[in-house]
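Peer 1: Pasting in a structure now, in structure tokens, and then I'll have a few things to ask.
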4 protein chains.
Amino acid sequence: MPDQVKTGPADKRRAILDAAIRVFARQGYHSTRVADIADEAGVAYGLVYHYFRSKEAVMTELFTERWSLLLDASDSIYEQDIPAREKLAGIARFIIDSYRHDPELMKVIIVEVTRAANSFGATHLPEIRRAYDFVARIVADGQREGIYREEIDPDFVGMWFYGAIEQLLSGWVFGLIPATDEEFERAGDMVVETLCCGLERRDGA
Amino acid sequence: MPDQVKTGPADKRRAILDAAIRVFARQGYHSTRVADIADEAGVAYGLVYHYFRSKEAVMTELFTERWSLLLDASDSIYEQDIPAREKLAGIARFIIDSYRHDPELMKVIIVEVTRAANSFGATHLPEIRRAYDFVARIVADGQREGIYREEIDPDFVGMWFYGAIEQLLSGWVFGLIPATDEEFERAGDMVVETLCCGLERRDGA
Amino acid sequence: MPDQVKTGPADKRRAILDAAIRVFARQGYHSTRVADIADEAGVAYGLVYHYFRSKEAVMTELFTERWSLLLDASDSIYEQDIPAREKLAGIARFIIDSYRHDPELMKVIIVEVTRAANSFGATHLPEIRRAYDFVARIVADGQREGIYREEIDPDFVGMWFYGAIEQLLSGWVFGLIPATDEEFERAGDMVVETLCCGLERRDGA
Amino acid sequence: MPDQVKTGPADKRRAILDAAIRVFARQGYHSTRVADIADEAGVAYGLVYHYFRSKEAVMTELFTERWSLLLDASDSIYEQDIPAREKLAGIARFIIDSYRHDPELMKVIIVEVTRAANSFGATHLPEIRRAYDFVARIVADGQREGIYREEIDPDFVGMWFYGAIEQLLSGWVFGLIPATDEEFERAGDMVVETLCCGLERRDGA
DNA sequence: GATGAATGAGCGTTCATTCAT
DNA sequence: AATGAATGAACGCTCATTCAT
């Protein structure tokens, strides 16, 4: 199948996953029929069920595949010997780059999993929390080092951080804010800069 | 309740709305059958359709009812002659108080509308953006007054602000972070404090 | 209610019937809700059920009211001492005049009763047949007098006659054929003339 | 059946259509539930929707399937080099034979489509008119040849013709007139004979 | 007589999933 | 592996009818 995008020869399983990304991104999970995925993949209806136990299993695989990359990246960033602010910026950049690289998949993950607290969000809560925790740990470390204020709850910051970045991605996804290359470059740093230094001008700056 | 559209003894319409809040909060919109709402309200199935055009119309009324309170509050806060940071804190506090006062309704609004970009979120985008805009305008005013840094895009801040606060509410709703009275008191100020002053300790402070 | 058409003062029952004619004509019986009738009559929902046992009862009254006029007219025409052809022409003319006088009611009767063999047609079959029978009896009389051919079954002619005329009315109702005053004048005679004398030119005529 | 779209062993699609004929004939379209069709076909509920978009689509297929046969037959009869009266008789006979051969299907078509001007009749008006037109054209040709009287509007005759024949079929369907083989044989000729030559005895006959 | 809120059975349609081939 | 026909539970919505006032 030479016209199959980014799949090995006859890798129908991969074709189904990739098709699912496109269809979920286009229609949303709930409005996507299993038939839509099969059609988009150019594959027989039943084959989806040959490779996946259910429609939900397809979504889960998509999420897990990507989220584990984020967790791995967070972990390796966390382990690096760099300032806390660099670490936070690294995570923000990783998320935003993920979006730039594969906006459809990230749209699906943000919209259908991370922010869908009543469906997939509930199911994958533990993995989602692990991502928040990296941020919280970075902040806690910073507090121990004395560079961050102690009255701020690190867990709050973890949520704050992801809440803000996901909202940004949502804004791009739905066209609420301009999605240019330049914006992408600045956005992550801007979030981190604001989070760390605040909105207010420093005295004498 | 003089500002209520229709009220009276045995106001079944209100009973249906209140029941819908409970059921939507408990099961989520998609898992809620119209029959569940009717049962919860102790009312005949068809009466839901006597008062509302569809299940979606019930949700829409719930959202609009509450969101307009937020917009009104935002407006009156915005018009006050107080420092920008007070205004932001006022909005944050209003949202959090709304949650404390009626957590089920706020859960429904956050989870099913505000963060459900593929369903109700899309439908109510204009109203949702209006809320973000108040924050953006406060920030822009602050920039004009010279107290806020100019390199930060006010629209971005509008999104972060809501992203962060909604994530906080989500955290409470789903038990990710402790939801004590004390936390509620501090949370709004903490978000605003962090947003305005940053995480880092002020030099010499 | 001075703006009520052809009703005595506050004759709500009549108003409901007249409204029903308009709504049935406009939307058809099946697509008409009881609420539509009440709205059209400017009357409360429940009042329809105060005066009529059911939606069907409204239709039945409409039909019976009019059909009995046709039966009476047929009867008096039948009793007259005029040639058979005049009698047939009289009946045809009566039907067509009924349509000219009150096209909406006749539309309802033809479309929803007379030709709706699975619903009202079945219910009112006896009355409908009585109308056919007048035609059959006229033909049978004609046969006895020797002016009509004997090999034609009078009952067949009864059906033929009504089938043809109702089709004509249907044609007018649905715009298949032009519905001008002139057409109305000629149509009845044309049917009878054709029925009696045939399409073919008489030798030497 | 070489002209059948899809046929084969265990043709469930065909089974559904055949079942629909029986159930529509028995209960009428409106009183038929999709479940009735599935049950009658001995097939799962959902399979009806696998093969047909809606209940209406089933009816439409039934009608189109049969009506196109009538149009084809009318066309080939029209093209033949035979007297006008033969052509009319040919069409009448075709319709009546269709009824003899498959009374249930014809009942459905006549009762639910052809004479249901407010539902299917409206939808299929163009095809229905095409049938009337063949008759009109035969009459018009006859007028041009000088054998038919010119004061009769051919379009009117098209409607009478079908009105009369359909009424006859209705009479058989609902037992208003005897439906014996002998009657069937005579009926078509009687309609045409009456239409062409009229009821009255020819002078000197 | 008049109102319109209240009832609830009924039905068309969808679609995830299973299964025979 | 691959196909797509077959299954049937589930659900939103309609609307004739009833009833309390």
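The values are calculated or read from the model by the stated rules, or taken from the named source; none is laboratory data. Predicted model, so just to flag it, every value in this text is computed and none were measured. A quick note on method: Cβ atoms are made from the backbone with ideal geometry, for glycine too, and the neighbour counts reach across all protein chains shown.
Peer 1: Kindly indicate whether any position in the stretch C:26-48 is within 26 Å of C:E183 (Cβ to Cβ), of a type outside the set (D, E, K, R) and away from chain D (no Cβ under 14 Å).
Peer 2: Checked against the condition, which is being within 26 Å of C:E183 (Cβ to Cβ), of a type outside the set (D, E, K, R) and away from chain D (no Cβ under 14 Å), the stretch C:26-48 yields no hits at all.
Peer 1: Looking at this structure, is D:K55 over 24 Å from C:A117 (Cβ atoms) and either within 23 Å of the chain's Cα centre (by Cα) or within 16 Å of DNA strand F (Cβ to nearest atom) (or both)?
Peer 2: For D:K55, the condition - over 24 Å from C:A117 (Cβ atoms) and either within 23 Å of the chain's Cα centre (by Cα) or within 16 Å of DNA strand F (Cβ to nearest atom) (or both) - is not met.
Peer 1: Quick check on my filter: what residues within the stretch D:135-161 are farther than 22 Å from C:R115 by Cβ and either hydroxyl-bearing (S, T, Y) or assigned to a helix (DSSP H, G or I) (or both)?
Peer 2: D:R137, D:I138, D:V139, D:A140, D:D141, D:G142, D:Q143, D:R144, D:E145, D:Y148, D:P154
Peer 1: Can you tell me which of (1) within 7 Å of chain A (Cβ to nearest Cβ); (2) buried (at least 17 other Cβ atoms within 10 Å of the Cβ) is the one B:G142 doesn't meet?
Peer 2: Status for B:G142: all satisfied but (1).
Peer 1: Let me ask another. Out of A:I110, A:I91, A:I128, A:I96, which single residue is away from DNA strand E (no atom under 16 Å from the Cβ), out of contact with any Lys or Arg (no Cβ under 7 Å at 6 or more places or on another chain), within 11 Å of chain B (Cβ to nearest Cβ) and closer than 27 Å to A:T180 by Cα? Steps first, please.
Peer 2: Numbers: A:I91 fails: within 11 Å of chain B (Cβ to nearest Cβ); A:I128 fails: closer than 27 Å to A:T180 by Cα; A:I96 fails: within 11 Å of chain B (Cβ to nearest Cβ).
Every option except A:I110 fails the conditions.
A quick yes/no check of all residues on (1) under 27 Å from A:D141 (Cα atoms); (2) without any contact (Cβ under 8 Å) to a residue 24 or more places away in the chain:
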{"site": "B:F134", "(1), (2)": "no, no"}
{"site": "B:Q143", "(1), (2)": "no, yes"}
{"site": "B:F156", "(1), (2)": "no, yes"}
{"site": "B:L195", "(1), (2)": "yes, no"}
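Peer 1: Anything in the stretch C:108-121 that is modelled with pLDDT of 90 or more and among the aliphatic types (A, V, I, L, M)? List them, or say none.
Peer 2: C:V108, C:I109, C:I110, C:V111, C:V113, C:A116
Peer 1: Do we find a residue being closer than 30 Å to C:P178 by Cα, in contact with a Lys or Arg (Cβ under 7 Å, 6 or more places away or on another chain) and at pLDDT 95 or above anywhere in the stretch C:155-165?
Peer 2: Looking for residues that are closer than 30 Å to C:P178 by Cα, in contact with a Lys or Arg (Cβ under 7 Å, 6 or more places away or on another chain) and at pLDDT 95 or above, one finds none in the stretch C:155-165, hence no.
Peer 1: Within the bounds of the stretch A:121-139, is there any residue that is within 19 Å of the chain's Cα centre (by Cα), aromatic (F, W, Y) and farther than 30 Å from B:F184 by Cβ?
Peer 2: Scanning the stretch A:121-139 turns up no residue that is within 19 Å of the chain's Cα centre (by Cα), aromatic (F, W, Y) and farther than 30 Å from B:F184 by Cβ.
Peer 1: Give me the residue from the stretch B:13-50 that is over 20 Å from B:P103 (Cα atoms), buried (at least 17 other Cβ atoms within 10 Å of the Cβ) and away from DNA strand F (no atom under 11 Å from the Cβ) and, out of that set, farthest from the chain's Cα centre (by Cα).
Peer 2: For the stretch B:13-50, the residue satisfying everything is B:V43.
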